[in-house]
Each structure stands twice: as structure tokens, then as C-alpha cells.
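In what follows, a single structure is set out as C-alpha cells and then discussed.
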Amino acid sequence: MDVKSNTDKVCIVGAGSSGLAAAKTFSERGIPFDCLEREHDLGGLWNEETDTGVVYDTTYLVSSRKYTGFDDYPLPEEYPTYPSHRETLAYLRAYALNFGILDKIEFNAPVERAERVQDGWRIQVAGEERPRFYRALVIANGHHHVPRMPNIPGTFTGEILHSRDYRSVKQLADKRVVVVGSGNSACDIVVDATSVARRTSLSMRSGTYFVPKFVFGRPMDGIINFCEKIPMPRGLRNRLYTHWHTLMVGRNERYGLPEPEHRIMDTHPTMSTVLPQLVAHGRIDVKPTITEFAGNKVRFSDGSEAEADLVVYGTGYEISIPFLDNGLIFGPDRQPILYLNVFHPELDDLFAVGLIQANGSIWRLADYQSQLVASYLVALAERHERADWFRNLKRQGHATMVQGSYVPSERHRLEANYYVYRRALKRHWRRFGPMAEAALQSGRLVAPSSGRSQVKPAKTATTSTR
């Protein structure tokens, strides 16, 4: 087959926050790469002008400005404590410009298929007659592509919408709305509905802890970040956080919400200050699981029913990589097989960046993941002993993932404790540190697996808050 040769390069798929972190790190380390983005612009799920974007008018960060931005490029101080999605997109664009990677992204280049061949990957880009060949593949295209739609018996004569297709309160105006789910998107939408809908209901499968964004006038994640520095067993920390939430927020039943059957650290948190108050005000009718549709009626597991014009599923996404044999990433139980959710146990040329869910900044985790991937690629190229050390380590696969004891759920397939996971990434990266730094200073890097030398000067990026 006639193959377009890119044999000295790594292929990064995606130019959202994870792809940008990988591109920046590879650029600094002198690792040749192509960053392929299917849309006409960067930003991934934060770009409302693309099909990939999943944001809506009232989307704001659920982590605060100080603890969200990349370590080497903080969010601007003039931004609000919780920036909007438009401010977030502007920040990601400024990040790409600051580190000189914007012109290294190929836009309108959707990857249709990625197949592993001898010594690399065959990548088919839509619209190109010939496939490309790369030495390694970095999957950084996110996992918010395929909406998870519940299979509910019966026929609903109204409109059904997934949160992925929600953009504005105009879609809810003057309608009887039922929102399904209790995650951040579902709660945002049901709160929006209270201002414009004729009636608003929230269907919850189980009780959830609703965590306020501010406590004592300070962002919640700042308080958690301080508390996480205090050494204590996870079980004790979980009990203390649960009791603290009860003290500061109160029990769910006092608002008219179902009580959680687990402790607070056993699930991914839902950040909402106002939802419990709106339930207590009677502006949101809380319902259990939907059991059946019957025309314009929605029936629930407690025997009650409600007439509705619109049902909105805030039920998350099926986790899949559309262009790749998913058996390379997930096992028969649909759990990732990757070490640290990043490294394939056997293959030295397949990596994932951003394939994780955590109670903290995914951007920072993606940056740390990218640094670890880059260090491993450098070690392989230099044939350094640390390459053998890490190759043996990653063969453990996902079995040693520092996840914690989360409630069994599709929602938690990629879940990890942010602070524990971050420490693990940094600990591994430090062991690569001196060798990787030496490669940077010398400006010398061998293309991964090629055995050929290539001079590539290291590029130092400036740090700015604008």
C-alpha cells in the first residue's frame, strides 16, 4: 500500500485541553508530532461553535480558576472565580498561542481509522487518499462523543433531548420538563428550567451529595486542596468529609431530596449551590427512576406520573474510541487496561491522555500525563535503563490504578482520586527527571523506535497569565 510517510513523528489525535497539553509538552521536549483535530477550531468540548462542543449558555467551570488552569500557564487573575465556557475557550486559545503550538495543529483532519502495523501506526485521515504512518499514537480526543440514552419502555410523544444537544434555556421555555440524572450537566439544566419552564421535574436514580461552590466565602476546591495536604487514611478522610458536608449543607431529606446510600468520596461530586434550595422552594419536583412512557406521560418507580413536553437526559456518555479497536484500550469488563489510564501494558507506542475522570483539574492531570509520556519516549529513544524500568512497571496494567472505592457505576469507569493520582504521576515523572532533562539540554532526540538520530532544539515557552 502507498503510505504517506511521517515515520519520525508521533500522532496526537485531538486539540482539546488534553491534546494541547500533549502538543505543548512534545514541542518543549523536541519530540516531532502531528496534532490532528477533526474540527475547524481547537477547544474540544469547550467550543460551542463545533460539533464536538458540549457546552451551553450557562456552562461554567466546576473547579475554581486558581486550581483549574495549567501549572505553567495560570488562568488570568481578572477572570471570575468560576469562569464561563467562553472565557475557558479564550484561555485555551491563549495557551496554544503562548507555547507556539497553534500553527502545529492540523484542523479539519478527522481520523477515520488507526491501525497498528509493524513499527508504528497507519492513520487514515478523512479526505486523504493515502494513509499516514506514525511511530506512536496518542489518543487525546476525549470521551464525550456518544450520548448514553436510557432504554425506557413505552412511547413518548413529546421531545427527547440529551444534554449534549442542549444549548440554551430557549429550548426549555414554556414546556413541562423532566430532567434525568444528578450529575453536573443534569443539575445545570434543571436549574435553568426553573426560570422558564411551565413545570420542572428531576428524576434521580439514587441520592447524591450536592456540594456548594463556596464555603466561608472561599472556593470549595481550595478548602479541599488544603485538607488533602493533611495526611490521614482514606477511610477516615471520607468519614470526616461526609460529616462535614452534613454539618455545613444539611441532610438531603431536609430539602426534599433522597438521602445518599454511600459516603461523599465514593462518587464523583456534583457541584451545585442552588439546586437543594430550589427543591426546598418547591420549584423542582424530585422524582425517582422513570419506568415507562405513555404518550405525554412519564411514569416513575414510586407509581406517580407527570405530563411532560420535554425529557432531557443528563445521563453521561458511552466511553469509546471511535477510530480504534477498543480492545486495545478496554477489557471484556469495559474497564481500561491501561497503566495509569495512559500506558498500554505491552505496546510502547500507544498512549492515552485525558482518559480519566477525577475530582480536580483534568487539564493539570493531562499535562502531567503528557510529561510522563514524553519522558518515556525520550527514555526509549536514548535506550536508557529507565525505559526498561518503566516498561516492566506498566505491564501491571490497570490492576494497580489508584482509583479508590467508588460506587459501581458507568459513571465511575474512569474515576480516580485526583490527589492520589496526581502524586503517582509526579512520583513516576521525577524518576525520569534527570535523564529527560539531559536530553532536553543537549537538544538531542532519537525518533521513537526508529534508531535514527535527529537534532531538535528544545523550545522554552514563557509563562503568562494573559
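Coordinate-derived values only; no laboratory data. Every value quoted in this text rests on a predicted model; they were computed, and no experiment measured them. Neighbour counts run over all protein chains shown; Cβ positions are idealised from the backbone, glycine included.
Values for this structure:
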| item | result |
| --- | --- |
| Between 0 and 90°, nearest 10: helix 85-98 axis offset from the chain longest Cα axis | 10 |
| Over 25 Å between alpha carbons, listed pairs Lys24/Lys229; Lys24/Lys66; Lys175/Lys297 | Lys24/Lys229 |
| Net charge dipole size for region 160-315 [Lys, Arg +1 and Asp, Glu -1 on Cβ; Debye, nearest 20] | 340 |
| Antiparallel DSSP beta bridges within region 160-315, percent to nearest 5 | 35 |
| Viscosity 0.890 mPa s, temperature 25 °C, Stokes-Einstein D of the chain from Kirkwood C-alpha radius, µm²/s | 104 |
| Residue among Ile290, Ser163, Pro83 farthest towards the positive dipole end of the chain, charges placed on Cβ | Pro83 |
| For region 115-149 versus region 324-367, the gap between their alpha-carbon centres in whole angstrom | 15 |
| The chain - share of DSSP beta bridges that are antiparallel (%, nearest 5) | 40 |
| Cα lying deepest toward the dipole's positive end in region 160-315, options Ala197, Val179, His243, charges on Cβ | His243 |
| Net charge over other residues, Cβ less than 12 angstrom from the Cβ of Pro322 (K, R count +1; D, E count -1) | -1 |
| Simple spin-label estimate for Glu253 and Arg423 in nanometres, 7 Å along Cα-Cβ | 3.6 |
| Helical contribution to [θ] at 222 nm, DSSP H n ≥ 4, -39,500 (n - 2.57), averaged over the chain, rounded to 500 | -8500 deg cm²/dmol |
| Electrostatic dipole magnitude of the chain [Cβ: Lys, Arg +1; Asp, Glu -1; Cα centre; debye, to 20] | 1380 |
| Point-charge dipole on Cβ atoms (K/R +1, D/E -1) for region 270-343, about Cα centre, debye to 20 | 180 |
| Leading residue at positive end of dipole, the chain (Cβ point charges), from Tyr313, Pro269, Val378 | Val378 |
| Angle in degrees between helix 234-248 and the longest Cα principal axis of the chain, rounded to the nearest 10 | 40 |
| Angle in degrees between helix 184-196 and the longest Cα principal axis of the chain, rounded to the nearest 10 | 40 |
